[in-house]
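Report on the following structure.
The values are calculated or read from the model by the stated rules, or taken from the named source; none is laboratory data. Note that this is a predicted model, so its numbers are computed, not measured. Using ideal geometry, Cβ is built from the backbone for each residue, glycine included, and neighbour counts are taken over all protein chains shown.
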Ligand SMILES: [Zn+2]
């Protein structure tokens, strides 16, 4: 069976996995990232990929999912606010180091490819993945092909504004982006926004930095009033974004991944009727909303799938 190395390059760590054509992860190596300068990240990538290559023996190619706007034909990171990079020659540098074909794509687009090929979206041709984590990453599959856009920007669903007047400020500088309102970070911000109505809330006992979306989600599931008020606003904003996506794409399925999605039916049962209520022109109930299946592995599996397919799109041209 052909295998590839699939790499998930995050803001705090890098994970490299040996992945087969069946989408199964054979081995995995992880390293923390402390220094985000290009040379330091290259060194960390070299170390983790090197370990994975020693496990793997023969591999066809290396695939890397990275945050930012990425030219998937050259593997250059055109712009990544997470790393503070512009026009960073990531693919080119690694190709020279390993002498193997190296493919680089946006991390969320890679995760979409993985979730579509081997996860929740397996049987679909029109599919959207959203990862609700620190931000919201997304990707769109139409008629079986990943949508790349004119300049690699298709799928930046997290930055469509849903509350431009009264929303939270997004990391991208706009106000009320879907990501600012309906990511894990959004849930935390909703919790602080409604806090004045709950002065004796146990959620406020921990310091501001320690309040995690997981803690809020669990408190909401346990019936805590403060957490439920925040959760209700969060679900309302999530529903607006999902209904917008349905109006744009009407996919067969939207899969929700990331930390918040571990709430499972507690989240789905709340959001589905609100999405229906906001769905007007597209026939209601024609987009299934589910929880993604691959979890944190989606990025590595998708990056390896990209490498095995020779790029994010069938038409990708990449130098070895
Ligand atoms: Zn934004």
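Would you confirm, using the coordinates I've provided, whether residue 247 is within 24 Å of residue 123 (Cα to Cα), assigned to a helix (DSSP H, G or I) and within 22 Å of the chain's Cα centre (by Cα)? Yes: the conditions hold for residue 247. Only residues that are modelled with pLDDT under 95 and either more than 11 Å from the ligand (Cβ to nearest atom) or in contact with a helix residue (DSSP H, G or I) (Cβ under 6 Å, 6 or more places away or on another chain) (or both) were counted in region 154-198, giving 1. The conditions of being surrounded by fewer than 18 Cβ atoms within 10 Å (Cβ to Cβ) and either without any contact (Cβ under 8 Å) to a residue 40 or more places away in the chain or under 18 Å from residue 136 (Cα atoms) (or both) are not met by residue 253.
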